[in-house]
Amino acid sequence: MSKFWSELAKDLVPYVPGEQPKLQGLIKLNTNENPYPPAPAVMAAITGFDKELLRIYPDPNSDVLKQALADYYGVAKNQVFVGNGSDEVLALAFMAFFKQTKPILFPDISYSFYPVYCKLFDIEYQQPALNDAFEIVLDDYDQDNGGIIFPNPNAPTGRVIGLEQLRKLLQQNTESVLIVDEAYIDFGGETAIALVDQFPNLLVVQTFSKSRSLAGLRVGFAIGSPELIEGLERVKNSFNSYPLDMLAVTAAVAALQDKTYFEQSRQKIIASRDWLDTAMRQLGFEVLPSAANFVFVSHPQHDASLLFAELRDRKLLVRYFSSARINQHLRISVGTRQECEALITALKDIFV
Ligand SMILES: *Cc1c(COP(=O)(O)O)cnc(C)c1O
C-alpha cells in the first residue's frame with residue numbers, strides 16, 4: 001500500500017497469470033500456449049518487414065488486419081474489431097457494454113480475469129454455478145441482467161456448448177450483450193460467428209494466442225454487429241489510438257493466410273489431447289471431456305496441490321487453482337506428443 005495510490009488502485013485485485021519461468025529446460029504446460037512455432041508465413045512476414053517503417057505510427061484502425069479477418073470469417077469489415085490481445089478486447093467490451101445498473105452474469109468457474117475487470121470498472125456481477133459435471137446451465141442465464149459472458153469452450157474446464165443452445169439463449173436474452181469468449185474454439189466447438197448477423201447483441205471474441213501460436217505477439221479480435229463494433233471503437237479511441245503495432249498486424253495477416261499449417265498444428269494438438277486423455281485415465285485420473293487445448297483433471301487418491309509441486313520438482317509446469325470448487329483439479333495444457341509423454345512418465349514416477 002502506498003499513500004500515492006488512488007482509492008481505485010488500493011482496492012484492485014489484479015489477475016495473476018500462470019508463471020512464465022525464467023528457468024531453462026522446464027516443460028511448460030501451464031498457460032495453454034501452443035507448443036508449435038508460428039506458421040512459416042509469419043516468420044517470412046516478420047523477416048521481410050521494412051523496419052524503417054517503424055519511424056511512423058501504425059494505422060490506428062488496423063484496416064489491413066480487419067479486412068483479412070472479415071474475408072476469413074465471411075463478415076463485413078465494420079463487424080470486426082481488433083485489439084492488443086483478446087484480454088484488451090474483453091476489457092474494452094466490459095467498459096463499452098457491461099457498465100450497467102444491473103449485474104452481469106458469468107459462471108462461478110470461468111476465466112478469472114472477468115471478476116478482475118468488474119472490480120476495475122466497478123461492475124456488479126453474479127456467478128451462476130456450473131452443474132456437478134462442470135457444465136454451464138444456460139437456463140440460469142434466463143434472468144434480468146446487465147450482460148452475460150462466458151468462454152466457449154469454458155476455461156478451465158474445457159467443456160463446450162453447442163450453437164443451438166447458444167441460439168436459444170440469444171432468443172431469450174435480447175436486452176443485454178452476450179459475449180462469447182472463444183479463445184479455444186479452434187480446438188473443438190463451433191464458432192458463434194455464424195449467429196452475429198441474426199443477433200445484434202452477440203459479440204464473439206477470439207485470439208491469435210492459442211490456436212495460431214502467437215501469444216507473444218498480442219493480437220485479439222471481436223466480431224459482432226456494426227453497432228457493437230462502433231461501441232468498442234468509441235471506448236478504444238478514448239484510451240489508446242494505436243493498440244496494434246505494425247509488426248503485429250503484418251504477422252497476424254500472414255497467420256490467417258497459412259491455412260494448411262494452421263490445420264496441421266490444430267489436428268496434432270487434438271490428437272495429442274485424445275492421447276493424453278486416455279493415458280491419464282489409465283493412471284486413475286478423472287478427465288473432463290475437453291474441446292480445448294488443455295485437459296482438466298483430478299485424481300481420487302492424490303491431492304492436486306501436492307501433484308502440482310511434485311511435477312514442478314520434475315520440471316513440469318501445470319496450472320493449479322486454489323479456489324474452493326476446483327482445488328483438487330489440475331489444468332494441463334496439451335503440449336507436443338513428446339511433452340505429453342514426459343508428463344505421463346513423471347506421473348508414473350510420482351505414483352510408485
Ligand atoms: C488465453 C485466454 C484469453 C486471453 O488471450 P490473449 O489474446 O492472449 O489476451 C482470453 N480468454 C480466455 C478464456 C483465455 O483462456
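The values are calculated or read from the model by the stated rules, or taken from the named source; none is laboratory data. Fair warning: this is a prediction, and the values are worked out from it, not measured in the lab. When we count neighbours, we look across all protein chains shown, and the Cβ atoms used for this are built from the backbone with ideal geometry, even at glycine.
If you take the residues in segment 197-208 that are more than 11 Å from the ligand (Cβ to nearest atom) and within 15 Å of the chain's Cα centre (by Cα), which one is nearest to Gly18 (Cα to Cα)? Steps first, please.
Step one: of segment 197-208, the residues more than 11 Å from the ligand (Cβ to nearest atom) are 197-204.
Right, trim to within 15 Å of the chain's Cα centre (by Cα) and you get 203-204.
Values: Leu203: 26, Val204: 24 Å.
Checking each candidate, the answer is Val204.
Looking only at residues in segment 153-191 that are out of contact with any Pro (no Cβ under 8 Å at 6 or more places or on another chain) and among the small types (Gly, Ala, Ser), which one is farthest from Leu29 (Cα to Cα)?
Ser176
Starting from residues that are of a type in the set (Ser, Thr, Tyr) and in a loop (DSSP other than H, G, I, E, B), keep the ones in segment 105-124 and report whichever is nearest to the ligand (Cβ to nearest atom).
Checked segment 105-124; the qualifying residue nearest to the ligand (Cβ to nearest atom) is Tyr111.
In segment 39-59, how many residues are under 24 Å from the mean Cα position of the chain (by Cα) and either loosely packed, with under 15 Cβ neighbours inside 10 Å or over 22 Å from Ala222 (Cβ atoms) (or both)?
Taking segment 39-59 first, the residues under 24 Å from the mean Cα position of the chain (by Cα) are 39-43.
Still in the running and either loosely packed, with under 15 Cβ neighbours inside 10 Å or over 22 Å from Ala222 (Cβ atoms) (or both): 39-41, 43.
Of the residues in segment 39-59, 4 are under 24 Å from the mean Cα position of the chain (by Cα) and either loosely packed, with under 15 Cβ neighbours inside 10 Å or over 22 Å from Ala222 (Cβ atoms) (or both).
Of the conditions (1) out of contact with any strand residue (DSSP E or B) (no Cβ under 7 Å at 6 or more places or on another chain); (2) in a helix (DSSP H, G or I); (3) farther than 16 Å from Phe262 by Cα, Ile193 fails just one. Which one is it?
Of the numbered conditions (1) out of contact with any strand residue (DSSP E or B) (no Cβ under 7 Å at 6 or more places or on another chain); (2) in a helix (DSSP H, G or I); (3) farther than 16 Å from Phe262 by Cα, the odd one out for Ile193 is (1).
Condition check ((1) assigned by TED's automatic domain parsing to the domain that holds Ala291; (2) within 16 Å of the ligand (Cβ to nearest atom); (3) closer than 30 Å to Tyr320 by Cβ; (4) in contact with a strand residue (DSSP E or B) (Cβ under 9 Å, 6 or more places away or on another chain)) across all residues:
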site	(1), (2), (3), (4)
Phe134	no, yes, yes, yes
Tyr141	no, no, yes, yes
Asn145	no, no, no, yes
Gln172	no, no, no, no
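Return yes or no: is Leu247 more than 13 Å from the ligand (Cβ to nearest atom), touching an Asp or Glu at 6+ places or on another chain (Cβ under 7 Å) and hydrophobic (A, V, I, L, M, F, W, C)? Before you say what the answer is, go through the steps one by one.
On the way: more than 13 Å from the ligand (Cβ to nearest atom): yes; touching an Asp or Glu at 6+ places or on another chain (Cβ under 7 Å): no; hydrophobic (A, V, I, L, M, F, W, C): yes.
Spelling it out, it is not the case that Leu247 is more than 13 Å from the ligand (Cβ to nearest atom), touching an Asp or Glu at 6+ places or on another chain (Cβ under 7 Å) and hydrophobic (A, V, I, L, M, F, W, C).
As an exercise: evaluate Ala279 against (1) surrounded by fewer than 21 Cβ atoms within 10 Å (Cβ to Cβ); (2) not in a helix (DSSP H, G or I) and give the number of the one condition it does not meet.
(2)
Looking at (1) more than 19 Å from Phe134 (Cα to Cα); (2) in contact with a Leu (Cβ under 8 Å, 6 or more places away or on another chain); (3) not β-branched (Val, Ile, Thr), find the lone condition where Phe296 falls short.
If we test Phe296 against (1) more than 19 Å from Phe134 (Cα to Cα); (2) in contact with a Leu (Cβ under 8 Å, 6 or more places away or on another chain); (3) not β-branched (Val, Ile, Thr), just (1) comes out false.
Name the helices (runs of 4 or more DSSP H) wholly within segment 1-104 that hold at least 3 residues that are farther than 19 Å from Tyr117 by Cβ?
40-47, 63-73
Kindly indicate whether any position in segment 208-215 is within 19 Å of Val160 (Cβ to Cβ) and not charged (D, E, K, R).
Checking segment 208-215: at least one residue is within 19 Å of Val160 (Cβ to Cβ) and not charged (D, E, K, R).
Consider segment 209-218. How many of its residues are of a type in the set (A, V, I, L, M, F, W, C) and near the ligand (Cβ under 7 Å from one of its atoms)?
Residues meeting the conditions: 1.
Considering segment 174-190 alone, what residues qualify as being touching a helix residue (DSSP H, G or I) at 6+ places or on another chain (Cβ under 9 Å), within 16 Å of the ligand (Cβ to nearest atom) and in a loop (DSSP other than H, G, I, E, B)? Steps first, please.
Our first condition is that a residue be touching a helix residue (DSSP H, G or I) at 6+ places or on another chain (Cβ under 9 Å); within segment 174-190, this holds for 176-183, 185-190.
With the extra rule that they be within 16 Å of the ligand (Cβ to nearest atom), the set shrinks to 178-183, 185-189.
Within segment 174-190, Glu182, Ala183, Gly188, Gly189 qualify.
Answer yes if at least one residue in segment 174-184 is among the polar types (S, T, N, Q) and assigned by TED's automatic domain parsing to the domain that holds Gly83, and no otherwise.
Yes: one or more hits.
More than 15 Å from Leu244 (Cβ to Cβ) and either touching a Pro at 6+ places or on another chain (Cβ under 7 Å) or of a type in the set (Phe, Trp, Tyr) (or both), is that true of Tyr57?
No: the conditions fail for Tyr57.
Go through (1) loosely packed, with under 15 Cβ neighbours inside 10 Å; (2) within 15 Å of Leu69 (Cα to Cα) for Val205 and report which single condition fails.
Val205 satisfies all of (1) loosely packed, with under 15 Cβ neighbours inside 10 Å; (2) within 15 Å of Leu69 (Cα to Cα) except (1).
Looking at segment 125-145 only, could you name the residues that are within 22 Å of the chain's Cα centre (by Cα) and either assigned to a loop (DSSP other than H, G, I, E, B) or free of Cβ contacts under 8 Å to residues at least 24 places away in the same chain (or both)?
Result: Tyr125, Gln126, Gln127, Pro128, Ala129, Leu130, Asn131, Ala133, Phe134, Glu135, Ile136, Val137.
Any idea which of (1) in the same structural domain as Ser211 (by TED's automatic domain parsing); (2) within 20 Å of Ser213 (Cβ to Cβ); (3) of a type outside the set (D, E, K, R); (4) crowded, with 21+ Cβ neighbours inside 10 Å is the one Pro243 doesn't satisfy?
If we test Pro243 against (1) in the same structural domain as Ser211 (by TED's automatic domain parsing); (2) within 20 Å of Ser213 (Cβ to Cβ); (3) of a type outside the set (D, E, K, R); (4) crowded, with 21+ Cβ neighbours inside 10 Å, just (2) comes out false.
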